[in-house]
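Below is one structure, written out as structure tokens, with a few remarks after it.
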Amino acid sequence: MPVPQSTFRKALVAWLYAAALMHLLAGITLSWAGHSGLLDGYLQNIEQAFWGAAVVPATASAQQVWWLALFGATLQSYALYMLALVHIGNRLKSAMPWAWIIAGILLWAPQDMLISAQARVWSHLWLDGLALLLLLPPLFWLYRHDRRTSLIDHAPSDAKHA
């Protein structure tokens, strides 16, 4: 039995709310857990990409934790904007918020992937690819669904009955 479109739409919106909240949680973690040991494996992966087998100077490690904290704060801001756009898109059933999120992802992903590939940080390519796979299909579906619904709702009354 097929799932009604309204139920499917609600599930996709819930997924996007969860994704935005995960971005917020990840941003908080990146900002505040750098010295906790929680991110040591990730930080070592980055260090190996830049330093190879050489001993990493303590100042370089400290600088990396600092940059990671700054990125975490930026990610928190992105997550808040994403939450707002998901809320607006859900509330208004408008295609425009979905289009803005899609545009932001399409602006970010190729650059992030290119910069990561240049630095040979392959874990970022995998993570970026996963993000694209998990976010773009629901966003494109919501964009098309809400655009179609909006066009029908705003059509002249005689066109609705044709």
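Here is how the numbers come out for the structure above:
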read-out: Likely footprinting exposure, 86, 56, fewest C-beta neighbours within 10 Å first; value: 56, 86
read-out: (1) 12, 42, 38, 8, 0; (2) 7, 10, 8, 7, 7, 6, 6, 6, 5, 5, 5, 4, 4, 4, 3, 3, 3, 3, 1, 0; (3) 10, 31, 28, 17, 9, 4, 1, 0, with the label sought being that of the calculated P(r) over Cα pairs in 10 Å bins from 0, in percent; value: (3)
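Bear in mind these aren't lab numbers, they're just calculated from the coordinates by the rules spelled out. What you see is a predicted model, and the numbers here were worked out from it, not measured in a lab. With ideal geometry, Cβ positions are generated from the backbone for all residues, glycine too; neighbour counts draw on all protein chains shown.
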